[in-house]
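First the structure, in the form of structure tokens, and then the observations on it.
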Amino acid sequence: MSGFETGMSRRQLLAMIGTAAGSVAMYNAMTSLGFAQESTYSGPIKLEGDPKGASVLILGAGLAGMTAALELRDAGYKVQVLEYREKAGGRCWTLRGGDKYVELGGAVQDVKFAEGNYINPGPWRIPHHHYGVLDYCQRLGVKLEPFMQVNHNAYLHRTDAFDGKPQRFREIATDYRGHVSELLAKVVNQNALDETVTADDAKLLLESLKTYGVLDENYAYVKSDDTSEFRGWDKPPGGGVDGAPVPSEPIALSDVLQSRLWANLVTGDSIDHQGTIFQPVGGMDMIAVGFEKVIGDLITYNAKVTKIDQNDTGVTVTYVDSNGAAGEQTATADYCICTIPFSILGQIEHNFSGEMTSVIDSMSYAGSVKFGLEFKRRFWEQDERIYGGITYTNLPISQISYPSNDYFSDGPAVLLGGYGWGATAYQFNALPPEERVAKAVEYGAQIHPQYTEEFSNGVAVTWHRVPWVLGCYGIWADKEAQYATAAAMDGRTLMAGEHISYLPAWQEGAILSALDAITRLHKVVVGA
Amino acid sequence: MKSLMIVAAAALAMMATPTLAQSDAAMMFASPSKLTQTDGKDIYNAICAGCHMAEGQGAVGAGMYPALAGNETLEAAGYPIYVIIHGQKAMPALGNVLSDEQIAAVVGYIRTNFGNNYPEEVTVQEVTDSR
């Protein structure tokens, strides 16, 4: 950010922001000031040099595996991909009407969404700085549309705040900022910052607080036309005889603080959630479909890997039919890119090094739950003027995300009825799917009473029960100590996937890790 | 004191959720970060059953969750205690969502159900020592 050219050092400024506004503001400021990391993707990969007919066996047709397959074939390698599922994508996954999802334990969910409606149980957003994913989308012809993260007209809700009545994000955000600005202005006017801020800066700070917090001429945050322009009106400006607006009353500082609704004010400000964010038109798996169109001929589906054996001359992988048909098959290649999640890989017979084995065996996978709920109509749009964006709550559903597509359309629509982690996800995981959905509807009805009347059908995916990954992303026992081992070439194999990245759970991590793995593999091959 | 009151109010608000079943599921979701069930069976049903399944039968996909039913590795209580606290392979460490008391209770439960018959008492101290 330029515009902080006041003679104060960046470190001093950060210290001040940290003191005044807490660590979250500090983090956001650091992001703005250029400390935060963006994707390291630097454009389409160039693998120069002749691989001389070398072959690569890729395990897993998720985004990491398919990125590797696409680029290695283009570079002249013989490529085969083994995939456990009947289709490609892995966690890049979308559920639509007509889909049948069988989770671990055998519970079946028949998705009954109307045509065109869908839910992404896994990744659902593509930040503007995930250059790898965005570039592949462009190259593969995957159409993107904006994903609405922050919606000032959506709600902040807690069961223990404002009698459980949801508050508009806009009101809490404006009032919090206004009150904090007023307090800081008071401190400045009491000369309490004289040792930290020069007189000249103090003047500018006051001026900025007036703008930032919408303070009046006395540096007070009060009910006015000005503040209502931000927090909304009691009676909004109209036309004609009765067009004059009536300003609204700000919520008192103590009520804002005690409500704890400020907790999610900056969620959308982190670099992964700042605008612009995208989603593929029609569902996240449009990316998988895009890859599949190009390299689908390389994929052997329904192949459950049972053994990985590498020696001085190559890699031999044994696999069986995922659906239990008898018979073992083998695939061999000179090298292997293994994108199988470590949660699964640890259960497969292999002869990786002892160091690699201990990393594989020590990585567990996070639990998470997502709900796709279909309603007969878009009541959130029609009744509450909420178009996309996210409502946050302390209920176990944690959030409700309204669809960022097909606004104003008639008929049924699907929203994300909850997205939870930790202890909450564990407990939803232990419930049968229909009970999970029923609870998500009960909880959501506390925010939107229309739920009860308008609910049509739903699905609930708990990631520990997803048969091909047993969790949603890898959790390191000791990343600092183990990462180099996991990323290093082990015999003739390189691991790839979101777990071998510093963007855990993000598709960008999977793609960057695959590109890095094949770059290093290629060096070995052309140097050999 | 104030924070205690807020916690109490939050707990009350959650308990007042009108349509929640009052069965063993009533205790579910009482905290966003911890399991709050105290009885071994309730703990099992609220968390373990998610992967090891309702009858301890386990499940198989690309990988698998081992059956706890008729599982001889449960003979020494120290083994399941260690795995629950620290995790193992696909099994996440649960030492941060379960207390020593809860772990002792649920280990006692799985060792005496699903065809397992290891009735020796599991003490909280054993769990504490395994942390």
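The values are calculated or read from the model by the stated rules, or taken from the named source; none is laboratory data. Source: prediction; values computed, not measured. Glycine also receives a Cβ, built like all others from the backbone with ideal geometry; neighbour counts cover every protein chain displayed.
Residues that are within 14 Å of another protein chain (Cβ to nearest Cβ), in contact with a strand residue (DSSP E or B) (Cβ under 6 Å, 6 or more places away or on another chain) and under 22 Å from A:Val108 (Cα atoms): does segment A:487-509 have at least one?
Within segment A:487-509 (the criterion being within 14 Å of another protein chain (Cβ to nearest Cβ), in contact with a strand residue (DSSP E or B) (Cβ under 6 Å, 6 or more places away or on another chain) and under 22 Å from A:Val108 (Cα atoms)), the answer is no, since none of the residues qualifies.
Out of all the residues in segment A:373-383, is one or more within 12 Å of chain B (Cβ to nearest Cβ), surrounded by fewer than 19 Cβ atoms within 10 Å (Cβ to Cβ), more than 24 Å from the chain's Cα centre (by Cα) and polar (S, T, N, Q)? Please lay out each step first, then the result.
First pass over segment A:373-383, keeping only residues within 12 Å of chain B (Cβ to nearest Cβ): none.
No: segment A:373-383 contains no residue that is within 12 Å of chain B (Cβ to nearest Cβ), surrounded by fewer than 19 Cβ atoms within 10 Å (Cβ to Cβ), more than 24 Å from the chain's Cα centre (by Cα) and polar (S, T, N, Q).
Conditions: (1) in contact with an Asp or Glu (Cβ under 8 Å, 6 or more places away or on another chain); (2) free of Cβ contacts under 8 Å to residues at least 12 places away in the same chain. A:Thr357 meets all but one. Number of the miss?
(1) is the only condition that A:Thr357 fails.
Anything in segment A:319-347 that is more than 24 Å from A:His499 (Cα to Cα), within 14 Å of chain B (Cβ to nearest Cβ) and touching an Asp or Glu at 6+ places or on another chain (Cβ under 9 Å)? List them, or say none.
A:Val320, A:Asn323
For A:Gly458, state whether it is surrounded by 20 or more Cβ atoms within 10 Å (Cβ to Cβ), within 30 Å of A:Val56 (Cβ to Cβ) and small (Gly, Ala, Ser). It would help to see each step written out before you state the result.
Details: surrounded by 20 or more Cβ atoms within 10 Å (Cβ to Cβ): yes; within 30 Å of A:Val56 (Cβ to Cβ): no; small (Gly, Ala, Ser): yes.
Considered against the rule, which asks whether it is surrounded by 20 or more Cβ atoms within 10 Å (Cβ to Cβ), within 30 Å of A:Val56 (Cβ to Cβ) and small (Gly, Ala, Ser), A:Gly458 comes out as no.
Surrounded by fewer than 17 Cβ atoms within 10 Å (Cβ to Cβ), out of contact with any Leu (no Cβ under 6 Å at 6 or more places or on another chain) and either away from chain A (no Cβ under 12 Å) or assigned to a helix (DSSP H, G or I) (or both): which single residue out of B:Glu55, B:Glu101 fits that description? Reasoning before the result, please.
Working: B:Glu55 fails: either away from chain A (no Cβ under 12 Å) or assigned to a helix (DSSP H, G or I) (or both).
Step by step, each of B:Glu55, B:Glu101 is checked, and only B:Glu101 is surrounded by fewer than 17 Cβ atoms within 10 Å (Cβ to Cβ), out of contact with any Leu (no Cβ under 6 Å at 6 or more places or on another chain) and either away from chain A (no Cβ under 12 Å) or assigned to a helix (DSSP H, G or I) (or both).
Please specify each residue of segment A:354-382 satisfying the condition of being closer than 19 Å to A:Asp478 by Cα and touching a Gly at 6+ places or on another chain (Cβ under 7 Å). Don't jump to the end; show me each part of the working.
Taking segment A:354-382 and keeping what is closer than 19 Å to A:Asp478 by Cα, we get A:354-367.
Those that are closer than 19 Å to A:Asp478 by Cα and touching a Gly at 6+ places or on another chain (Cβ under 7 Å): A:Ile360, A:Asp361, A:Met363, A:Ser364, A:Tyr365, A:Ala366, A:Gly367.
Go through (1) within 14 Å of chain A (Cβ to nearest Cβ); (2) crowded, with 16+ Cβ neighbours inside 10 Å and name the single condition B:Asn96 misses.
(2)
Output the number of the condition that A:Thr196 fails; it satisfies all remaining conditions of (1) part of a loop (DSSP other than H, G, I, E, B); (2) assigned by TED's automatic domain parsing to the domain that holds A:Asn405; (3) more than 30 Å from B:Ala30 (Cα to Cα).
(2)
Within segment A:455-471, count every residue that is within 11 Å of another protein chain (Cβ to nearest Cβ) and either in contact with a Phe, Trp or Tyr (Cβ under 7 Å, 6 or more places away or on another chain) or more than 21 Å from A:Ala425 (Cβ to Cβ) (or both). Give the steps one after another, and end with the answer.
From segment A:455-471, those within 11 Å of another protein chain (Cβ to nearest Cβ) are A:462-471; that's our starting set.
Filter again for either in contact with a Phe, Trp or Tyr (Cβ under 7 Å, 6 or more places away or on another chain) or more than 21 Å from A:Ala425 (Cβ to Cβ) (or both), leaving A:462, A:468-471.
Counting residues in segment A:455-471 that are within 11 Å of another protein chain (Cβ to nearest Cβ) and either in contact with a Phe, Trp or Tyr (Cβ under 7 Å, 6 or more places away or on another chain) or more than 21 Å from A:Ala425 (Cβ to Cβ) (or both) gives 5.
Report yes if some residue within segment B:63-85 is of a type in the set (A, V, I, L, M), more than 18 Å from B:Tyr118 (Cα to Cα) and at the interface with chain A (Cβ under 7 Å from one of its Cβ atoms); otherwise report no. Can you show your working first?
In the first step, residues of segment B:63-85 are kept if they are of a type in the set (A, V, I, L, M); the result is B:64, B:67-69, B:74, B:76-77, B:81, B:83-85.
Retained after the next criterion (residues that are more than 18 Å from B:Tyr118 (Cα to Cα)): B:64, B:85.
Subset that is at the interface with chain A (Cβ under 7 Å from one of its Cβ atoms): B:64.
So far as segment B:63-85 goes, yes, one or more of its residues are of a type in the set (A, V, I, L, M), more than 18 Å from B:Tyr118 (Cα to Cα) and at the interface with chain A (Cβ under 7 Å from one of its Cβ atoms).
If you scan segment B:105-131, which residues turn out to be touching an Asp or Glu at 6+ places or on another chain (Cβ under 7 Å) and of a type in the set (A, V, I, L, M)?
Of everything in segment B:105-131, those that are touching an Asp or Glu at 6+ places or on another chain (Cβ under 7 Å) and of a type in the set (A, V, I, L, M) turn out to be B:Ala105, B:Val124, B:Val127.
Could you list, ordered by first residue, the pairs with Cβ atoms under 8 Å in which the first is in segment A:473-494 and in the same structural domain as A:His522 (by TED's automatic domain parsing) and the second is among the acidic types (Asp, Glu) and surrounded by 15 or more Cβ atoms within 10 Å (Cβ to Cβ), at least 6 apart or interchain?
These pairs meet every condition: A:Ala487/A:Asp516; A:Arg492/A:Asp334.
Identify, please: which residue in segment A:461-508 is under 18 Å from the mean Cα position of the chain (by Cα), farther than 25 Å from B:Ile47 by Cα and among the aromatic types (Phe, Trp, Tyr) and is, among those, surrounded by the fewest Cβ atoms within 10 Å (Cβ to Cβ)?
By that ranking, first place goes to A:Tyr502.
Anything in segment A:434-454 that is in contact with a strand residue (DSSP E or B) (Cβ under 8 Å, 6 or more places away or on another chain), over 30 Å from B:Asn96 (Cβ atoms) and within 11 Å of another protein chain (Cβ to nearest Cβ)? List them, or say none.
none
Would you mind finding the one in A:Glu195, A:Glu171, A:Glu207 that is among the charged types (D, E, K, R) and touching a residue at least 40 places away in the same chain (Cβ under 8 Å)?
Working: A:Glu195 fails: touching a residue at least 40 places away in the same chain (Cβ under 8 Å); A:Glu207 fails: touching a residue at least 40 places away in the same chain (Cβ under 8 Å).
Result of the check over A:Glu195, A:Glu171, A:Glu207: A:Glu171.
If a residue has to be part of a helix (DSSP H, G or I), modelled with pLDDT under 95 and more than 9 Å from chain A (Cβ to nearest Cβ) to count, how many in segment B:20-44 make the cut? It would help to see each step written out before you state the result.
First, the residues of segment B:20-44 that are part of a helix (DSSP H, G or I): B:24-27, B:40-44.
From what's left, modelled with pLDDT under 95: B:24-27.
Still in the running and more than 9 Å from chain A (Cβ to nearest Cβ): B:24, B:26-27.
The total comes to 3.
Which is crowded, with 18+ Cβ neighbours inside 10 Å, over 25 Å from the mean Cα position of the chain (by Cα) and either farther than 29 Å from A:Gln149 by Cα or in contact (Cβ under 8 Å) with a residue 40 or more places away in the chain (or both), of A:Gly60, A:Gly105, A:Gly132, A:Gly89? Steps first, please.
Numbers: A:Gly60 fails: over 25 Å from the mean Cα position of the chain (by Cα); A:Gly132 fails: over 25 Å from the mean Cα position of the chain (by Cα); A:Gly89 fails: over 25 Å from the mean Cα position of the chain (by Cα).
Among A:Gly60, A:Gly105, A:Gly132, A:Gly89, only A:Gly105 is crowded, with 18+ Cβ neighbours inside 10 Å, over 25 Å from the mean Cα position of the chain (by Cα) and either farther than 29 Å from A:Gln149 by Cα or in contact (Cβ under 8 Å) with a residue 40 or more places away in the chain (or both).
So which residues in segment A:356-395 are farther than 24 Å from A:Gln109 by Cβ and in a loop (DSSP other than H, G, I, E, B)?
Within segment A:356-395, A:Met363, A:Asp383, A:Glu384, A:Arg385, A:Ile386, A:Tyr387, A:Gly388, A:Asn394 meet the criteria.
Take the conditions crowded, with 22+ Cβ neighbours inside 10 Å, within 12 Å of the chain's Cα centre (by Cα), under 24 Å from A:Ser343 (Cα atoms) and hydroxyl-bearing (Ser, Thr, Tyr) and apply them to B:Tyr44. Does it pass?
Numbers: crowded, with 22+ Cβ neighbours inside 10 Å: yes; within 12 Å of the chain's Cα centre (by Cα): yes; under 24 Å from A:Ser343 (Cα atoms): yes; hydroxyl-bearing (Ser, Thr, Tyr): yes.
Criteria met by B:Tyr44.
Mind checking which helices (runs of 4 or more DSSP H) fall wholly inside segment A:396-502 and carry at least 1 residues that are over 30 Å from A:Met356 (Cβ atoms)?
On the way: elements: A:422-429, A:433-444, A:450-454, A:479-487.
Hits in segment A:396-502: A:422-429, A:433-444, A:450-454.
Name the residues in segment A:326-349 that are in contact with a helix residue (DSSP H, G or I) (Cβ under 9 Å, 6 or more places away or on another chain), more than 18 Å from A:Met363 (Cβ to Cβ) and hydroxyl-bearing (Ser, Thr, Tyr), would you?
A:Tyr335
So which residues in segment A:394-433 are facing another protein chain (nearest Cβ under 9 Å) and on the phi > 0 side of the Ramachandran plot?
A:Ser398, A:Gly422
From (1) in contact (Cβ under 8 Å) with a residue 40 or more places away in the chain; (2) under 40 Å from the mean Cα position of the chain (by Cα), pick out the condition that doesn't hold for A:Ser224.
Among (1) in contact (Cβ under 8 Å) with a residue 40 or more places away in the chain; (2) under 40 Å from the mean Cα position of the chain (by Cα), A:Ser224 violates only (1).
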